[in-house]
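Everything below concerns the one structure shown next.
What follows is calculated from the coordinates using simple rules that are stated; it is not laboratory data. Keep in mind that what you see is a predicted model, and the values were worked out from it rather than measured. Counting neighbours? That spans all protein chains shown, and the Cβs are built from the backbone with ideal geometry, glycine included.
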Amino acid sequence: MTRGGVPATRTLDHLTVTKISVGPMDNNAYLLRCGDDQVLVDAANDAPALLELIGPAGLSAVVTTHRHGDHWQALSAVVEATGARSLAHADDATEIPVVTDTLAEGDKVRVGECELEVIHIVGHTPGSIALLYRDPNGHGHLWTGDSLFPGGVGNTQKDAARFASLIDDVEHKLFDRLPDDTWFYPGHGKDSTLGTERPHLAEWRERGW
């Protein structure tokens, strides 16, 4: 999808996922709805568009996947307008304008009766996270921020230690734990599945990015 385009919606049995692209860097923001509750993943930019998407149903929380500024430009405005909690991993929280509660590995973020598991992925930033929803009637759904994209892991600025940490966490915490039909939603660009990307893990390690 493109910035300013029509949001894309995927309806699961219990959770509805709406994806919108915002801002000059075409960031993806995701509105998750379960029952009467809504949670936003990355208030990246364009607060008016996000608030229109949220609508009168309101918002219980915004989860910021990591500290980089293109992922939180609209955060303060969205939190002020909705009264939502602002959640981020403790290791990135001081670099994000407003954080009301910090997250850690294994924490759960509730969206109504649905539950998102926090997975700490170190490398793109110290406090990057992914969020996992295990659909009881289907496959898993994973929001990866800038840690995993179709075609590779996130940018580590050619820092070998950061890349090693990132590829290790992505491989061991995501690919080793979750099946091929797990659908993932990155911070920019198109979605994919772990099964589509799995054959390329060794290639990513070899090239170093």
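Across the chain, Cα pairs under 8 Å and at least six residues apart give a relative contact order of 14 percent. Our note on the geometry: Cα centres of segment 1-59 and segment 122-179, 21 Å apart.
Using the Cβ of A84 as centre and a radius below 12 Å, the other residues enclosed give a net charge of -2, where K and R count +1 and D and E count -1. Scoring 15-26, 45-56 by mean Cβ neighbours within 10 Å over their residues and listing the highest first yields 15-26, 45-56.
Cβ crowding within 10 Å ranks I119, I129 as I119, I129, fewest other Cβ atoms first. Diagonalising the gyration tensor over the Cα atoms of segment 8-207 and scaling each eigenvalue by 5 before taking the square root yields semi-axes of 25, 19, 15 Å, largest first. Straight-line reach from K19: taking Cα to Cα under 22 Å and skipping same-chain neighbours fewer than 8 places apart, the lysines in range are K108, K190.
Spread over its residues, the convex hull of the C-alpha atoms of segment 69-144 is 104 Å³ per residue. Considering only N137, P24, N155, the residue lying farthest towards the positive end of the dipole of the chain is P24, judged by Cα position with unit charges set on Cβ.
Shown here for segment 138-209: trypsin sites (Lys or Arg not before Pro) in loop regions (DSSP other than H, G, I, E, B) with at most 15 other Cβ atoms within 10 Å, namely K158, R177, K190. Cβ-to-Cβ counts within 10 Å put T11, T144, T102 in ascending order as T11, T102, T144, the fewest first.
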